[in-house]
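The values are calculated or read from the model by the stated rules, or taken from the named source; none is laboratory data. If you're wondering where the values come from, they're calculated on a predicted model, not measured in any experiment. Every residue, glycine among them, receives a Cβ derived from its backbone with ideal geometry; neighbour counts consider all protein chains shown. The accessibility values were calculated without ligands, DNA or RNA, using every heavy atom of the protein model including side chains. Shrake-Rupley method; radii C 1.70, N 1.55, O 1.52, S 1.80 Å.
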Amino acid sequence: MRKPFTIRYSLFAICLLFAIRYLLITICYSLFAIRCLYSFETVKFRSPRTGRVVDVIKDEVLIVFHEGIKTEAKNALHRALRTTKITDDTDEIFFQKVRIPAGETIENVIQKYKADPAVRYAEPNFIKRKFTAVNDPLYTENPTDVARQWGIAKINVKQAWGISTGSGVVVAVLDTGIDKDHPDFASALTPPETWGVYIGTTGIKDVDGHGTHVAGIIAARSNGQYVVGVATNCLILPIKVLGDDRKGTLASGINGLIYASTVTIPGHPAGVRIINLSLGNYEFSDIENFAIQEVYNKGISIIAASGNDNRDSLAYPAGYANVLAVGSSTPDDTRSSFSNYGSNLGLVAPGGRGLVIAGEPGDIISTYPLVRGATAYLAGTSMATPFVSGVAALMLSANPNLSPKDVYHILRHTTDDIDTPGRDIRTGYGRLNAFKAVNAVVGYSPKILAKAYSYPNPLHIAKRQVVYFYIPEALGVENLRIRIYNFAGDEIKAISENMWDGKDDNGNLVPTGLYFFAVETSRGKSTGKMTVIR
């Protein structure tokens with residue numbers, strides 16, 4: 001009578017073992033799949049613009065078509081080049097992402113797309129990184145004193161709080177996510193349904209800690225816990241564009257930019273007013289620049305880190321037109337040794353020494369994921385940038401009518417000069433002063449520009465730049481027409497958008513020289529001049 005029981009028991013044991021084995025295989029495969037989805041594979045790519053070898057996503061190319069190109073024509077081009085469309089362009093996202101065919105190179109596919117007149121831009125999917133120099137996550141005290149938060153004292157925020165604390169302003173932080181449960185973010189975040197995630201598999205969760213640190217510098221609440229931010233009553237919109245491995249892509253960053261400029265925030269009809277970009281790389285991207293200009297033209301201030309490599313050139317996106325580039329300063333009011341610099345640097349703000357000297361914190365303390373100590377010291381232009389974004393929030397709260405151009409102008413011209421008198425390449429216009437900036441916006445009447453202008457000027461065709469035309473609000477953009485003339489007065493190009501690639505009506509690049517342009521809309525006309533260098 002025991003034999004049937006033994007057989008049943010043996011069958012049950014075998015089935016149980018197979019079930020456990022299947023479960024383990026499934027778990028391992030799922031973990032592997034998640035890792036594959038998240039840890040994108042990169043390859044080396046030699047930039048035709050700079051000659052540098054950089055990291056890009058393997059087998060991916062981003063495409064922007066000219067306006068008016070029909071879907072059938074786009075798909076026909078993809079078929080002809082044997083590429084596979086990964087993501088489509090929509091009303092919100094203006095680029096397509098494609099996978100190149102086996103045996104092809106990214107360089108070859110890009111050239112083939114660029115040769116087609118329907119294509120405006122074709123680029124690899126560049127890698128973006130955060131800009132942090134030092135990480136001391138073992139520090140677990142709960143400091144709220146000014147001595148530890150020396151950056152707050154250095155930029156004179158306490159006086160600024162007598163005028164504004166940032167109420168009503170939404171700041172988008174494009175970074176590694178956020179620790180939504182941190183006590184210093186109670187009431188500091190927009191509703192969860194508005195958060196954006198464009199990379200990874202862990203949602204908005206900040207595994208790395210960088211995004212949480214940046215957001216805390218901007219908006220940590222004044223609640224007696226841990227630290228306090230610059231704009232203690234503004235709102236943070238977290239958008240994850242950098243993954244848990246501290247890297248992002250050109251695509252994730254652009255998606256985040258466009259999302260920040262279009263998302264609806266309940267109770268805040270003005271939407272996002274400031275975008276903080278504590279990230280970047282050193283490759284100029286036509287597609288990213290196009291997105292930046294689109295976002296700027298919607299009235300959003302874009303504040304970005306200059307980079308942490310002690311270079312005499314700015315990283316991108318800080319290096320684009322209409323972006324306020326921020327460098328880093330020390331407690332001694334000197335340029336941080338790691339901080340990038342250059343003629344387009346706007347200003348500097350507290351970012352740290354990059355080390356701790358004699359036990360005294362010389363870097364920036366801010367919020368950090370709770371599981372890793374709640375606070376941490378970091379250093380970098382990543383930390384300097386949110387100080388400026390926070391002050392911009394104070395300014396816009398005190399005077400919501402400010403345009404991004406007004407915000408940049410006031411921030412630059414209310415600094416404390418800490419280097420060579422006047423503007424210099426190491427510290428820009430000087431070190432951020434919150435009280436001076438906020439005080440300057442009270443009663444400030446923005447100047448309405450009635451004249452169009454072009455940027456960059458001069459236009460360097462050899463660097464594959466394009467020129468953008470600023471159209472003043474007084475003119476609007478209805479029935480826009482821009483005519484470009486050479487020095488002799490001959491019309492060489494007529495366009496209906498605010499961008500020119502340096503080519504005449506025959507598709508040829510124009511020679512070096514002085515050119516004139518005439519902007520005409522339904523409301524009136526404006527003229528200007530620019531230099532082209534070939």
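A few points about this structure:
- On the stretch given as segment 206-224, residues that are small (Gly, Ala, Ser), open to solvent by 10 Å² or more (accessible area, probe 1.4 Å) and free of Cβ contacts under 8 Å to residues at least 60 places away in the same chain total 1.
- The set of residues in segment 72-123 that are assigned to a loop (DSSP other than H, G, I, E, B), within 17 Å of Glu60 (Cα to Cα) and among the polar types (S, T, N, Q) comprises Thr83, Thr105.
- Residues (buried (at least 24 other Cβ atoms within 10 Å of the Cβ) and among the β-branched types (Val, Ile, Thr)) located in segment 184-205: Ile199
- Restricting attention to segment 288-321, the residues that are in a strand (DSSP E or B) and among the aromatic types (Phe, Trp, Tyr) add up to 1.
- The residues of segment 314-323 that are of a type in the set (A, V, I, L, M) and crowded, with 24+ Cβ neighbours inside 10 Å, listed by number, are Leu314, Ala315, Ala318, Val323.
- Screening Asn297 with (1) more than 13 Å from the chain's Cα centre (by Cα); (2) modelled with pLDDT of 95 or more; (3) among the polar types (S, T, N, Q) gives one miss only, at (2).
- Single unsatisfied condition, Ser306 versus (1) small (Gly, Ala, Ser); (2) over 11 Å from the mean Cα position of the chain (by Cα); (3) within 15 Å of Ile127 (Cβ to Cβ): (3)
- Some residue of segment 503-517 being farther than 24 Å from His66 by Cβ, within 30 Å of the chain's Cα centre (by Cα) and of a type in the set (Ser, Thr, Tyr): no
- Any hit, segment 220-237, residues being within 11 Å of Gly177 (Cβ to Cβ) and at pLDDT 95 or above: no
- For Arg99, the conditions (1) out of contact with any strand residue (DSSP E or B) (no Cβ under 8 Å at 6 or more places or on another chain); (2) modelled with pLDDT of 95 or more; (3) of a type outside the set (Asp, Glu) are fulfilled apart from (1).
- Failed condition for Val227, given (1) among the hydrophobic types (A, V, I, L, M, F, W, C); (2) open to solvent by 20 Å² or more (accessible area, probe 1.4 Å); (3) over 19 Å from the mean Cα position of the chain (by Cα): (2)
- Residues in segment 167-182 that are assigned to a loop (DSSP other than H, G, I, E, B) and open to solvent by less than 10 Å² (accessible area, probe 1.4 Å): Val169, Thr176, Gly177, His182.
- Filtered residues of segment 292-313 (kept if closer than 30 Å to Gly354 by Cβ, open to solvent by less than 20 Å² (accessible area, probe 1.4 Å) and without any contact (Cβ under 8 Å) to a residue 40 or more places away in the chain): Ile292
- Selection from segment 259-287 of residues that are open to solvent by 10 Å² or more (accessible area, probe 1.4 Å) and in a helix (DSSP H, G or I): Tyr259, Ser261, Thr262, Asp286
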